[in-house]
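Following: one structure in structure tokens, then a few remarks.
The values are calculated or read from the model by the stated rules, or taken from the named source; none is laboratory data. Model, not experiment: these values are computed from the prediction. As a convention, Cβ positions derive from the backbone with ideal geometry for all residues, glycine included, and neighbour counts pool all protein chains shown.
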Amino acid sequence: MARKAGVASPEELREFVQKAGDKLVVVDVRNPDTDVEPGDQKSLAVAALPDDSNRPMAISLIWDRNSDSMPIPDVAKETPMITHCGGGGRGQKAKDFLNANGFPNILNGGGPKETDCWAEYGTK
């Protein structure tokens, strides 16, 4: 199965993660409410949402399909970020939204369904 449009390659992600170092922020836009986003149930079973003990460089900022928006992360505009959802669709919307709000340094990492991409940043 081909990657969704806009999802970075594993090589791009590897280089981005290495260059970002400890400044990297991973933005998880999945929704834990499976009534709202039933498709997230499968990816949440594979990779839990970030919390204090899991994925220390990641934050959860839910993409809202109704408003086509999400909360703005409380980080410097230049912060290197990887957005993701389950497979990349909302991750791309989040990347585009953040770019439009002045955050230039972002890649769409797809998500747990993109196992070769996820291997590059999924534990961050």
Worksheet item: How many residues does region 17-43 hold that are out of contact with any Cys (no Cβ under 7 Å at 6 or more places or on another chain), in contact (Cβ under 8 Å) with a residue 40 or more places away in the chain and within 24 Å of S69 (Cβ to Cβ)?
Response: 8
Discussion item. Being acidic (D, E) and closer than 20 Å to A8 by Cα: is that true of D51 here?
Written reply: no
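Every residue, every condition in (1) touching a Gly at 6+ places or on another chain (Cβ under 6 Å); (2) within 18 Å of A48 (Cβ to Cβ); (3) at pLDDT 95 or above; (4) not charged (D, E, K, R), yes or no:
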site	(1), (2), (3), (4)
P73	no, no, yes, yes
K77	yes, no, yes, no
T83	yes, yes, yes, yes
A94	no, no, yes, yes
G111	yes, yes, no, yes
Response to the item:
In region 45-100, anything in contact (Cβ under 8 Å) with a residue 40 or more places away in the chain, farther than 24 Å from A2 by Cα and among the aliphatic types (A, V, I, L, M) is listed as M57, A58, M70, V75, L98
Item to complete: Kindly indicate which of G110, G91 is in contact with a His (Cβ under 7 Å, 6 or more places away or on another chain), buried (at least 19 other Cβ atoms within 10 Å of the Cβ) and within 18 Å of V36 (Cβ to Cβ).
Response: G91
Worksheet item: Out of (1) surrounded by fewer than 19 Cβ atoms within 10 Å (Cβ to Cβ); (2) more than 15 Å from G122 (Cβ to Cβ); (3) in contact with a strand residue (DSSP E or B) (Cβ under 9 Å, 6 or more places away or on another chain), what's the single condition that is false for N66?
Response: (3)
